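A.B. asks: Shown below is the structure under consideration.
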Amino acid sequence: MKPIVLTALAASLALGACARADDVDNESNATSEAKEAALEAQTDDFVINAEDFGREQLGGKIEGPAGPEVEASLLMADGTSIGDIRSYVACPENISVCDPAKLPADTIYTYVHVVTPGVDEPNDDAIGTPKAIKPVAKSVTFRTDMPAGGFVGHAGYSLEQARAALGPQGTFTVSCNEGKLVWEVASGEFWGTGEPVTFFWKSRKPPQGPAKAYGFDADGFTANGTGPFPAPQADGDATGCT
């Protein structure tokens, strides 16, 4: 009888070892899948280190068709404005005349956008006037609605203005999603009517001209605005902030 007992015991141990090996394989596969999912998520939506606009030293502004700045509305689908967007593009501080046609190909341009919820200053003639202006209680995000062409990894906002709008603990996160830049309220109070915040990002590409390329979310509504934006990506170029 002893050999039978030993054989049964050996078989039991072998089955247990196989079960443990299967568990390890399953755990290993699950861990591998989790890592792959995390990498995919990071690729699709990753946080960018936010810089303070107050530290920026900028040079001259690009003169576009409407002058050095583009003044536009943040419009909902029905033509109602829920905010104002004033934008410009500037050269590095050592360049006083910012003319991309006369500058080296490696020049870095700073795209600047002053966003004020719930109010709307007069727009450039080519953009027109909204049919109505809606006050805002709680703004959530400002973003590019198109891939941020030529992005060089630097973006941020005015910390001083963020604290004035959101309180002393007010901050925004800056992230990249599918090639587009997103600034989102991360902490503090509500960002509402009449509280301007300046956002910026840097690109090696100069603007092609004004484009309906910016988005804004507030009080459950989505709006779009016009501002300077780079030309569409050429074949072979990296797409936006990815």
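A.B. asks: Scan the range 76-102 residue by residue and report those that are open to solvent by 60 Å² or more (accessible area, probe 1.4 Å) and within 20 Å of the chain's Cα centre (by Cα).
C.D. replies: ARG86
A.B. asks: If GLY149 satisfies every condition in (1) in contact with a Lys or Arg (Cβ under 8 Å, 6 or more places away or on another chain); (2) over 20 Å from GLU56 (Cβ atoms); (3) of a type outside the set (A, V, I, L, M, F, W, C); (4) at pLDDT 95 or above but one, which is the exception?
C.D. replies: For GLY149, the exception is condition (4).
A.B. asks: Determine whether GLY215 is small (Gly, Ala, Ser), within 24 Å of ALA66 (Cβ to Cβ) and in a strand (DSSP E or B).
C.D. replies: yes
A.B. asks: Taking the residues in the range 135-170 that are in contact with a helix residue (DSSP H, G or I) (Cβ under 7 Å, 6 or more places away or on another chain), of a type outside the set (Phe, Trp, Tyr) and touching a residue at least 40 places away in the same chain (Cβ under 8 Å) as candidates, determine which candidate is farthest from THR239 (Cα to Cα).
C.D. replies: GLU160
A.B. asks: Oh, and also: Which pairs turn up if I take residues in the range 211-222 that are in contact (Cβ under 8 Å) with a residue 12 or more places away in the chain and look for partners that are crowded, with 18+ Cβ neighbours inside 10 Å and among the hydroxyl-bearing types (Ser, Thr, Tyr) with beta carbon separation below 7 Å, at least 6 apart in sequence or on another chain?
C.D. replies: Pairs that qualify, where the first residue is in contact (Cβ under 8 Å) with a residue 12 or more places away in the chain and the partner is crowded, with 18+ Cβ neighbours inside 10 Å and among the hydroxyl-bearing types (Ser, Thr, Tyr), are ALA211/THR226; LYS212/THR226; ALA213/THR144; TYR214/THR144; ALA218/SER139.
Results for (1) at pLDDT below 95; (2) under 30 Å from ALA223 (Cα atoms), shown as yes or no for each residue.
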site: LEU6; (1), (2): yes, no
site: ALA21; (1), (2): yes, no
site: ASP44; (1), (2): yes, yes
site: VAL97; (1), (2): no, no
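A.B. asks: Of the residues THR141, THR116, THR110, which single one is surrounded by fewer than 20 Cβ atoms within 10 Å (Cβ to Cβ) and either in a strand (DSSP E or B) or of a type outside the set (A, V, I, L, M, F, W, C) (or both)?
C.D. replies: Going through THR141, THR116, THR110 in turn, just one is surrounded by fewer than 20 Cβ atoms within 10 Å (Cβ to Cβ) and either in a strand (DSSP E or B) or of a type outside the set (A, V, I, L, M, F, W, C) (or both): THR141.
A.B. asks: Right, next: Return yes when LEU181 is without any contact (Cβ under 8 Å) to a residue 40 or more places away in the chain and either among the acidic types (Asp, Glu) or open to solvent by less than 10 Å² (accessible area, probe 1.4 Å) (or both) and no when it is not.
C.D. replies: It is false that LEU181 is without any contact (Cβ under 8 Å) to a residue 40 or more places away in the chain and either among the acidic types (Asp, Glu) or open to solvent by less than 10 Å² (accessible area, probe 1.4 Å) (or both).
A.B. asks: Could you please give the count of residues in the range 189-231 that are in contact with an Asp or Glu (Cβ under 8 Å, 6 or more places away or on another chain) and open to solvent by less than 10 Å² (accessible area, probe 1.4 Å)?
C.D. replies: Residues that pass the stated criteria total 5.
A.B. asks: So if I check each of ALA165, ALA186, which one is open to solvent by less than 50 Å² (accessible area, probe 1.4 Å) and either more than 21 Å from TYR88 (Cβ to Cβ) or part of a helix (DSSP H, G or I) (or both)?
C.D. replies: Being open to solvent by less than 50 Å² (accessible area, probe 1.4 Å) and either more than 21 Å from TYR88 (Cβ to Cβ) or part of a helix (DSSP H, G or I) (or both) holds for just one of ALA165, ALA186, which is ALA165.
The values are calculated or read from the model by the stated rules, or taken from the named source; none is laboratory data. Keep in mind that what you see is a predicted model, and the values were worked out from it rather than measured. Using ideal geometry, Cβ is built from the backbone for each residue, glycine included, and neighbour counts are taken over all protein chains shown. Only protein heavy atoms, including side chains, enter the accessible area calculation; ligands, DNA and RNA are left aside. Shrake-Rupley method; radii C 1.70, N 1.55, O 1.52, S 1.80 Å.
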